Amino acid sequence: QVQVVELGGGLVQTGGSLRLSCAASGSIFSRYTMGWYRQAVGKQRELVAAITSGGSTNYADSVKGRFTIFRDNARNIVYLQMNSLKPEDTAVYYCNAGGATMGSWGQGTQVTVSS
C-alpha cells in the first residue's frame, strides 16, 4: 500500500499562494488516483481536488479557478498549487492515495490564511 507524506503548509495572508507537496512511496504510484482533502475546525473533511492516473482532475466548487492539482509520476509526487487564498481555506490539508474509503492518508499539514 502506498504511504504518503505532506509538505508545504504554513501561514499566508489573504490573496497569497502556497504549494503543497505529497510524496508517496511505492512503485505503483502512477496507478493511483491522488487527492487532497481538508478539514477545518468543527467541520467534516472534504475533498479539495483529485487527479486520476490518467491526469483527469476534479475540484471542489469553492476552489475552482484558484487551486491546481498536478502530479509528477517520475518522482512520485502530487502537488496542490493554491492561489488567491482566502481565510476560509484555513484547514488541515491531507493527501490521499487510492480513495477516501480504502486509501492511504498522510498526517496532514496546516494551512492558515490570515485576513
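When Gln13, Gln107, Gln1 are checked against the criterion of being open to solvent by 20 Å² or more (accessible area, probe 1.4 Å) and at pLDDT below 95, a single residue qualifies: Gln1. Evaluating Gly65 against the criteria (1) surrounded by 14 or more Cβ atoms within 10 Å (Cβ to Cβ); (2) free of Cβ contacts under 8 Å to residues at least 60 places away in the same chain; (3) not charged (D, E, K, R) leaves one unmet condition, (1).
Once segment 18-36 is narrowed to residues that are surrounded by 13 or more Cβ atoms within 10 Å (Cβ to Cβ) and of a type in the set (Ser, Thr, Tyr), the residue that is modelled with the highest pLDDT is Ser21. I'm trying to understand the selection: among the residues of segment 68-86, which are open to solvent by 50 Å² or more (accessible area, probe 1.4 Å), of a type outside the set (Lys, Arg) and touching a residue at least 12 places away in the same chain (Cβ under 8 Å)? The answer is Thr68, Phe70, Asn73, Asn83, Ser84. Just to be sure, is Gly42 at pLDDT 95 or above, under 16 Å from Gln110 (Cα atoms), exposed (fewer than 13 other Cβ atoms within 10 Å of the Cβ) and not hydrophobic (A, V, I, L, M, F, W, C)? Taking the combined requirement at face value, the residue satisfies it.
The values are calculated or read from the model by the stated rules, or taken from the named source; none is laboratory data. The structure displayed is predicted, hence computed values, not measured ones. Reconstructed Cβ throughout: ideal geometry from the backbone, glycine too, with neighbour counts over all protein chains shown. In case anyone asks, the SASA skips ligands and DNA or RNA and just uses the protein heavy atoms, side chains included. Shrake-Rupley method; radii C 1.70, N 1.55, O 1.52, S 1.80 Å.
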